Structure formats: C-alpha cells, structure tokens
1. For segment 85-136, which fully contained strands (runs of 3 or more DSSP E) count at least 1 residues that are within 10 Å of the chain's Cα centre (by Cα)?
2. Among (1) at pLDDT below 90; (2) part of a loop (DSSP other than H, G, I, E, B), where does residue 71 come up short?
3. Take segment 121-174 and flag every residue that is under 13 Å from residue 103 (Cα atoms) and in contact with a helix residue (DSSP H, G or I) (Cβ under 8 Å, 6 or more places away or on another chain).
4. If you go through segment 39-63, how many residues are under 18 Å from residue 131 (Cβ atoms) and in contact with a strand residue (DSSP E or B) (Cβ under 6 Å, 6 or more places away or on another chain)?
5. What's the total number of residues in segment 66-112 that are buried (at least 18 other Cβ atoms within 10 Å of the Cβ) and on the phi > 0 side of the Ramachandran plot?
6. Across segment 137-174, what is the number of residues that are in a strand (DSSP E or B) and either within 24 Å of residue 39 (Cβ to Cβ) or within 14 Å of the chain's Cα centre (by Cα) (or both)?
7. For segment 131-168, which residues satisfy the criterion of being within 21 Å of residue 41 (Cα to Cα), free of Cβ contacts under 8 Å to residues at least 60 places away in the same chain and surrounded by fewer than 17 Cβ atoms within 10 Å (Cβ to Cβ)?
C-alpha cells in the first residue's frame, strides 16, 4: 500500500467527524455559495457564513474539466477544520465514477497515490485527505497536478489542475 493512501486511511473517520463539527457539511463545502475574497493564480478563496455558524468560513477552490471530456469535471477544495488543527483536500467528482478505484493523484509527472471516495450525494462523490506536510509541500512547489478518476477498472481519465497560486492561496486561507 502506498504511503499517501495508508496515512490517509487512518484519518478518514477523524476527517469526517471534524467536518461534521465544523458546520461545513460534505454536500455544501465543494460548491460553496459565498463571496470570492481573493484570487491566487488558478485558485479562489471563497467565504460564507453558513446557517447556524457564528463566524465566516472560507475555502480555497478550483473547478476544472477534462480537456477531452467536457462532462467530466472536478471541484478541488482546500479547507481548514473549525478547530484549525488540520487542513483537508476534498475533491468532488461527478456521479458515475468507479468508486473502488478511488481518486488518483499525479503531480509534475510523479505518482502520489490514490484516495478513497468517502461519500456520494446528488452532486457527485467526494474523496478527501488530510493535507499533511509532504503532500502540502508537493502541491505548493508543483506546477501541475492531474487527478485521475475511473469509469471502468481499465479506463482512467486524467483531469489537469493548475497549481499556480496554490502556495499563495494557501497562505491567504483564513
């Protein structure tokens, strides 16, 4: 089992609980309503005060579409838990992806590993991981990421994500 996946497996339950406690439920965090506070390269910081929350919550996000498959889009979101103890990378993939294969990640031509999908809602299926320092550093210093979703066990669809502005956006994320 690769290191990215094994580290994240132990934390999936913790992440799900932290998100539930943060007031940013799975179904609304990847497509937040709110105000764009700033833009950093390909990334936007979007903030909103969810119903029942006492303070504004912000995410850094980018929406992307596969170059050759316009129906295959992803929302890539980075957020901090309400207790500020962890940062999470959450990716919303469309319905119809093959769940057991998970979501692959490649940064600058290097295979980083896969993350499991944790839930599906009407708007799609979510994969998420804690942004630990090695992965965070890779995303901050990288130029291009490719997230890979599968429609069949053999057919992976690579969706490019521009990492330009990731480091600055992350630094600006409240």
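The values are calculated or read from the model by the stated rules, or taken from the named source; none is laboratory data. Quick caveat, the model's predicted, so the values are computed rather than measured. Glycine gets a Cβ as well: all are built from the backbone with ideal geometry, and neighbour counts include every protein chain shown.
1. Working: elements: 87-93, 103-107, 110-115, 117-121, 124-130.
By residue number, 87-93, 124-130.
2. All conditions pass for residue 71, except number (2).
3. 126, 128, 129, 145
4. Looking only at segment 39-63, we keep the residues that are under 18 Å from residue 131 (Cβ atoms), and these are 40-46, 57-62.
After this cut, where a residue has to be in contact with a strand residue (DSSP E or B) (Cβ under 6 Å, 6 or more places away or on another chain) as well, the list is 42-46, 58-62.
Qualifying residue count, segment 39-63: 10.
5. 1
6. Step one: filter segment 137-174 for residues in a strand (DSSP E or B), giving 144-150, 156-162.
Those left that are additionally either within 24 Å of residue 39 (Cβ to Cβ) or within 14 Å of the chain's Cα centre (by Cα) (or both): 144-149, 159-162.
Selection size over segment 137-174: 10.
7. 137, 140, 141, 143, 144
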